Amino acid sequence: MVSYLFRRSISLFFVLLGLAILIFVIARIVPGDPARIALGPKATPEQVLQLQVEMGLDQPFLVQLGTYLHGLANGDLGKSLLTSRPVLDDIMAALPATFELVLFTIILQIVISIPLGILAASYRNTWLDNVTRIFSLIGVVTPGFVLAIILQLLAAHYWGFLPITGRLDGGVDFNADITGLLLVDGVLKWRWDVVGDALRHLILPSIALAAAGIGQVVRITRAAMIEVSSRDFVEAARAYGIPERVVTFRYMLRVSAVAPLTILGLEFASLIGNAFIVEFVFSWPGIASYGVRTILQKDLNAVIGVVLFSGVFFVIANLVIDTILGILDPRHRLNSEDSK
């Protein structure tokens with residue numbers, strides 16, 4: 001297992017290196033002068049030239065790339081033109097909000113999708129199975145930002161008890177200075193009013209983010225459970241008189257869990273990227289919202305930092321998925337060893 005994780009870590013390191021270089025190249029060939037955009041149309045050529053020198057844009061491309069990779073190795077992502085702060089500081093300040101939203105979303109997906117998939121497989125070809133498949137299909141085909149706007153309209157005009165912007169109400173005074181996560185810090189400080197208010201603010205954006213993943217996992221869990229239900233070891237367990245509940249959750253679910261876990265892991269890894277428009281719609285002060293603002297201002301350092309951080313998050317999540325799959329299903333690990 002240690003050898004397997006070491007090989008995966010090395011390969012993922014080169015993936016990150018390639019991603020960093022690719023992002024840098026794309027950012028440099030995109031039309032538009034970052035210095036001119038940052039200073040505005042009324043800036044003089046001398047002011048633009050001075051900012052270009054400060055940003056290193058007057059250097060040859062390979063020199064810029066080398067400087068960028070050297071800074072990256074030392075944890076320096078450069079300075080943001082939008083906030084005039086180090087990009088890494090901006091990302092770390094926005095990270096708790098995004099991580100809390102992503103974590104709540106993935107928990108919502110697990111709690112809803114796995115039971116619905118098992119239920120649909122257990123009662124396949126019945127009205128319950130048909131309804132579940134219809135709702136899962138709607139969730140898959142509906143874009144997250146469209147669902148976000150629909151939920152906002154419903155909350156604003158009909159429901160009235162769910163907030164549509166931000167992480168907390170304006171009248172709530174609270175400083176999440178322990179973990180940065182409002183739910184966790186609220187529990188640690190015994191501020192149940194903050195926990196309740198933070199939960200209310202999380203519901204709508206998390207539903208908008210979770211809908212597509214729930215639909216996918218429901219369908220995949222259903223298909224996997226149906227496929228496993230006809231295997232010999234399941235028939236043998238039933239023949240021995242083992243209760244159907246035990247057969248479903250102890251024998252079938254463990255074998256069937258590989259595909260849903262893979263999808264859930266990929267969903268967890270990609271939620272930061274998927275959260276861009278949803279965070280923007282709900283005015284959620286996270287990394288994705290920060291990334292949208294930097295893209296509109298062509299803040300190259302910040303854009304590169306946000307995309308690179310999303311890539312790091314995706315790579316780490318993939319490593320965790322591979323580890324879990326290697327534990328649940330040794331064939332996954334053995335296949336990796338055979339392919340080296």
Between Thr165 and Gln50, what is the label-point separation in nm under the 7 Å Cα-to-beta-carbon projection? 3.6 nm
Suppose we keep just the alpha-carbon trace of the chain; what are its Rg and Dmax in angstrom? 23.8, 85
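Among 216-226, 134-144, 86-96, how do they line up from the highest to the lowest mean number of other beta-carbon atoms within 10 Å?
Numbers: 216-226: 22.6, 134-144: 15.9, 86-96: 18.5.
Ranking, from highest mean packing down: 216-226, 86-96, 134-144.
Contact order normalised by length for the chain, with contacts defined as Cα pairs under 8 Å and 6 or more residues apart; what percent is it?
Numbers: 371 pairs, mean separation 91.9, N = 340.
RCO, the chain: 27 percent.
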Describe numerically, in nm with one decimal, the distance between label points set 7 Å from Cα along Cα→Cβ at Ile26 and at Gln297. 2.1 nm
Burial order of peptide ranges 184-194, 108-118 (average beta-carbon count within 10 Å, highest first): 108-118, 184-194
Under the rule of -39500 (n - 2.57) per DSSP H run of 4 or more residues, summed and divided by the residues of the chain, what mean residue ellipticity at 222 nm is obtained, to the nearest 500 deg cm²/dmol? -24500 deg cm²/dmol
Would you mind counting up the charge near Val194? Only other residues with Cβ under 14 Å from its Cβ, with Lys and Arg at +1 and Asp and Glu at -1. -3
Suppose each label sits 7 Å from its Cα in the direction of the beta carbon; what would the Phe145-Ser11 distance come out to in nanometres? 3.4 nm
Which value in Å does the Kirkwood hydrodynamic radius of segment 2-73 take, with 1/r averaged over all unlike C-alpha pairs and then inverted? 14.5 Å
Among Gln47, Thr323, Tyr290, pick out the residue whose Cα is farthest towards the positive end of the charge dipole of the chain, where Lys and Arg carry +1 and Asp and Glu carry -1 on C-beta, about the Cα centre. Thr323
By per-residue mean of other Cβ atoms within 10 Å, what is the highest-first order of 68-76, 289-297? 289-297, 68-76
So if each residue of separation counts as 0.36 nm, and I subtract the Cα-Cα distance between Ala43 and Asn175, what length gain in nm does that give? 43.6 nm
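Want the number for Phe61 to Ile242: 0.36 nm per residue separation, take away the alpha-carbon distance, what's left?
Working: separation 181, 0.36 × 181 = 65.16 nm, distance 6.79 nm.
Extra length available between Phe61 and Ile242 comes to 58.4 nm.
Using +1 on the beta carbon of Lys and Arg, -1 on that of Asp and Glu, and nothing else charged, what's the dipole of the chain about the Cα centre, debye to 20? All intermediate terms of the calculation are to be shown ahead of the outcome.
On the way: 25 positive and 26 negative charges, 164 e Å.
My answer is approximately 780 debye.
Hydropathy at least 0.5 by Kyte-Doolittle, axial extent at least 27 angstrom from the Cα trace: which helices of the chain, defined as entire DSSP H runs, fit?
2-29, 87-122, 192-229, 258-281, 300-328
Values in this text are rule-based calculations from the coordinates and carry no lab data. Keep in mind that this is a model prediction, so the values were computed, not measured. Methodologically, a virtual Cβ is constructed for each residue, glycine included, from the backbone with ideal geometry; neighbour enumeration extends over all protein chains shown.
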